[in-house]
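Please treat every number below as a calculation from the coordinates, not as lab data. All figures in this text were calculated on a predicted structure; none of them were measured in a lab. Ideal geometry is used to build each Cβ from the backbone, glycine not excepted, and the neighbour counts take in all protein chains shown.
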Amino acid sequence: MLSEPIKKDILSYEFEELKDEIVRLGEPSFRANQIFDWLHKKRVSDFGDMTNLSAQFRNKISGLFCIKSLFALKRLASKQDNTVKYLYELDDNNRVETVMMEYEHGTSLCISTQVGCKMGCKFCASTIAGFKRNLTPGEMLMQVYETERLEARKVQSLVLMGIGEPLDNFDNVVKFLRILSDERGKNLSLRHISLSTCGIVPRIYELAELGLGLTLSVSLHAANDETRSEIMPINNRYHIEELIDACKYYFDKTGRRISYEYAVIDTVNDKRENAYELYSLLKGQNCHVNIIPVNKIKERSFTSDRKSANRFKKYLEELGINATVRRTLGSDINAACGQLRREYESQEEGDKACL
C-alpha cells in the first residue's frame, strides 16, 4: 500500500522560496504574493479560503503543501497583570509554551524555538525532560499568529526566550525572523526582537555577520568559569573569555548593546565578590545587566528572591555597571517557560500509571 506523500510546511517558506515553488508549478509569480498575503496577513488556515485563486490551483497546492496549526491545550491567565501563558500542542503531539506579557511600551510575546532543550542548564525547567526536536519556522510563526488571534491583541515585540536554545536551531530561527519581518506579512521590525542564548559562540559570530539588528541577550549567570561550568554545561565547551569576545564582536558589527542575563542564586553567585568579578569582566563594554531572581522548580534546590536580586543590583551600581532587576510578570501562573509543560506531562504520566 502506497503511503501518502509528505506535504511541505508552506508557512516555513520565505517569500522568494515560495515564489520559486509557484513558478515551478507553472503559475505566474504574482500568485506567490497572493498566497503570502493569505498566509501572513489574512492568516487563513485552509487553502480553500484563498478565494482569489482558482479552485483548480487551490486543489493543486493543497495536494503539495499543508498549513500547520497549533492546538491550545491549556491557557493560564494571571490575576496580577495581563500575562497569559499557553501550552500549545503541535501536529506530532509535542508541546511548547508561549507567554504574552504587557509592558508600558506594548505587548510582548515570548516564544519557544525547540521542543525541550539539550543545553542542560541546572536552574532551567525546559531542559529536565530532555530535547525532542527543533521547531520549524512555521511552528514559531504559529505561536505568534495563534496567540494574537486567541487574545485579540497585537504583538509589538518578541523575545526568543521560551523553551529551547535559539542558536541551536539557527537556520530555522533565521528563516522565521526573515518571514516575520517581511513587509508583505507581519512586518515586525527585527529591532523589536530579542534573542536569548546560553552562548553558542560560533553562532554568535554568524548572527553578527547577518546584520539583522536583533538585541542579543546572553545568559551569563556567573563571571568565572568554575561557577558557570557548574550551572551551565555549555561553558565547558565555550569558556567565558571566548563568549565575551564573541559578544564584543557582535556589538562592533551591529552597534546593538548586549544584554547580559544574570539569575541570582543564593550562595552560588550572589555575593559582593561575585558582583566585582562581573564588573571586572564587563567593564568598558556597552552593555546592560538584567538581574533575575532564579525561578523555583521542584526538581532543583536553587533559590533566591527579589531582595537578593536588588542587593546584587546595588553591588553592581556601586561599581558603575548599568543593571536592572527584571520585572516579574505572571508569577501566580509560573510564567517562566518549561514549568507548565513539565507539570502537564507529569500529570499525564501519572494518569497513565493509574490505568
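Bridgeable aspartates and glutamates around LYS68 (alpha carbons under 12 Å apart, same-chain partners fewer than 8 residues away excluded): ASP9, ASP46, GLU89, ASP91, ASP92, GLU139, GLU146. Seen against the Cα atoms of the chain and their longest principal axis, helix 55-64 is set at about 50 degrees. Put simply, the amide H of CYS198, placed in the peptide plane, has neighbours under 5 Å in SER219, leaving out anything fewer than 5 places away on its chain. Taking amide hydrogens as placed 1.01 Å from N in the peptide plane, the amide H of VAL159 sits under 5 Å from those of LEU109, CYS110, ILE111, SER194, each at least 5 positions away in sequence or on another chain.
Against the longest principal axis of the chain, how steep is helix 15-24, in degrees 0 to 90 to the nearest 10, with axes from Cα atoms? The helix 15-24 is inclined about 30 degrees to the chain. Within straight-line reach of LYS271, meaning a Cα separation under 25 Å, sit the following lysines at least 8 residues removed in sequence or on another chain: LYS122, LYS283, LYS296, LYS298, LYS307, LYS313, LYS314.
Give the order of LYS74, LYS307 when sorted by the count of other beta carbons within 10 angstrom, beginning with the fewest.
Least crowded to most crowded, the residues run LYS307, LYS74.
Among 266-275, 195-204, sorting by the average number of other beta carbon atoms lying within 10 angstrom of each residue, highest first, gives 195-204, 266-275. Suppose R0 equals 22 Å; then what is the FRET efficiency for ASN52 and SER29 from their Cβ-Cβ distance, rounded to the nearest 0.05? Rounded to the nearest 0.05, the efficiency is 0.90. Taking amide H as placed 1.01 Å from N in the peptide plane, LYS132 has its amide H under 5 Å from the amide H of VAL115, GLY116, CYS117, each at least 5 places away in sequence or on another chain. Would you list, by chain and number, the aspartates and glutamates whose Cα falls below 15 Å from the Cα of LYS248, excluding same-chain residues fewer than 8 positions away? Straight-distance partners of LYS248: GLU206, GLU209.
Pairs of Cα atoms nearer than 8 Å and 6+ residues apart set the relative contact order; for the chain it is 15 percent.
Put in order of Cβ neighbour count within 10 Å, fewest first, the listed residues HIS105, HIS239 become HIS105, HIS239.
Within region 8-66, what is the number of lysine pairs with alpha carbons under 19 Å apart, leaving out pairs fewer than eight places apart on the same chain? Don't skip to the answer; put the middle values down first.
Values: LYS8/LYS19; LYS8/LYS60; LYS19/LYS41; LYS19/LYS42; LYS19/LYS60.
Here the count comes out as 5.
Multiplying the residue separation of LYS122 and LYS283 by 0.36 nm and subtracting their alpha-carbon distance yields 55.2 nm.
Helix 272-282 and the long axis of the chain differ in direction by around 50°, with both axes built from C-alpha atoms.
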